[in-house]
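These notes are about the structure you will find just below.
The values are calculated or read from the model by the stated rules, or taken from the named source; none is laboratory data. Given the structure is predicted, the values throughout are model-derived calculations rather than measurements. Cβ sites come from the backbone with ideal geometry, for glycine too, and all protein chains shown count toward neighbours.
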Amino acid sequence: MQAKSRFPLKQSYSYIIISIMKRALIVFLILAAFIFPRPLYADFFQETPSHVVIPSADISLKVHTAQIIFNTWEVSLDGASFGDGTALPGNRGNTAIFAHARPGLFEELPLVKKGDMIHVFTDLDWFVYRVDEIYTVAPERVDILESRNRYEITLYTCVGENYSERFIVKATLLSNPENLHQ
């Protein structure tokens, strides 16, 4: 007679190790945001975002640059999209990142609350933003992407019946790599 495993078959040891490592990364990112909260800004970052992490909603996605085609940004099917032409992370202006409201993408974005942290990575830098506004708008409301002369990011996805509204998360930059070196 064979002994029963402690874990269901779908939860192999590698799955458990990856899960533990993912949670450890999320805890580290949250702690780092509180250790380096003083904003120090620069306007010389030149890298597009490559990854976005939102610990409170368990979101961790690659970010692809979206071009405007026929007056509409492309939307990635396998990650988040960075609106080409919006501010680069860490610079003054409004950085736009969006994704479909599907499992594994931004389906969990509505779980985000004011005060939550958003971590944006480029190939060279890491930026921490704190959520300060959450609301829904009609799809025609493109003014949400206008720069308010601040260091901010706007995340959005579709919500509502037949995805008739846009769920908006706005956050302000708390720190950039300059903080980490002082």
Next on the checklist: Name the residue that is farthest from Ser56 (Cα to Cα), counting only residues in segment 11-25 that are at pLDDT 70 or above and surrounded by fewer than 11 Cβ atoms within 10 Å (Cβ to Cβ).
Outcome noted: Ser14
Item to check | Of residues in segment 108-134 being modelled with pLDDT under 95 and of a type in the set (Asp, Glu), the one nearest to Asn91 (Cα to Cα) | outcome: Asp125
Checklist entry - Are any of the residues in segment 77-95 part of a loop (DSSP other than H, G, I, E, B), of a type outside the set (D, E, K, R) and farther than 19 Å from Ser147 by Cα? => result yes
Next on the checklist: Here are the criteria: (1) among the aromatic types (Phe, Trp, Tyr); (2) out of contact with any Pro (no Cβ under 8 Å at 6 or more places or on another chain); (3) buried (at least 17 other Cβ atoms within 10 Å of the Cβ). Tell me which single one Phe70 does not satisfy.
Outcome noted: (3)
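Condition check ((1) of a type in the set (A, V, I, L, M, F, W, C); (2) farther than 23 Å from Ser76 by Cβ; (3) part of a strand (DSSP E or B)) across all residues:
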| position | (1), (2), (3) |
| --- | --- |
| Arg130 | no, yes, yes |
| Thr136 | no, no, yes |
| Glu140 | no, no, no |
| Ile144 | yes, no, no |
| Ile153 | yes, no, yes |
| Thr157 | no, no, yes |
| Asn162 | no, no, no |
| Phe167 | yes, no, yes |
| Leu173 | yes, yes, yes |
Checklist outcome for this item: Flagged in segment 93-118 as touching a Leu at 6+ places or on another chain (Cβ under 9 Å), under 18 Å from Leu173 (Cβ atoms) and not polar (S, T, N, Q), in numbering order, are Ala96, Ile97, Val112, Met117, Ile118
Checklist entry - Which one of Ile68, Ile97 is in contact (Cβ under 8 Å) with a residue 12 or more places away in the chain and under 16 Å from the mean Cα position of the chain (by Cα)? => result Ile97
Checklist entry - How do the pairs read when you match residues in segment 108-119 that are without any contact (Cβ under 8 Å) to a residue 12 or more places away in the chain with residues anywhere that are crowded, with 20+ Cβ neighbours inside 10 Å, using Cβ under 7 Å and keeping only pairs 6 or more apart or on different chains? => result none
Checklist entry - Do the conditions hold for Tyr135, that is, is it hydroxyl-bearing (Ser, Thr, Tyr) and buried (at least 16 other Cβ atoms within 10 Å of the Cβ)? => result no
Next on the checklist: Can you confirm whether Asp123 is crowded, with 17+ Cβ neighbours inside 10 Å and among the charged types (D, E, K, R)?
Outcome noted: no
Checklist entry - Where residues in segment 45-88 are of a type outside the set (A, V, I, L, M) and in contact with an Asp or Glu (Cβ under 7 Å, 6 or more places away or on another chain), which of them is modelled with the lowest pLDDT? => result Phe45
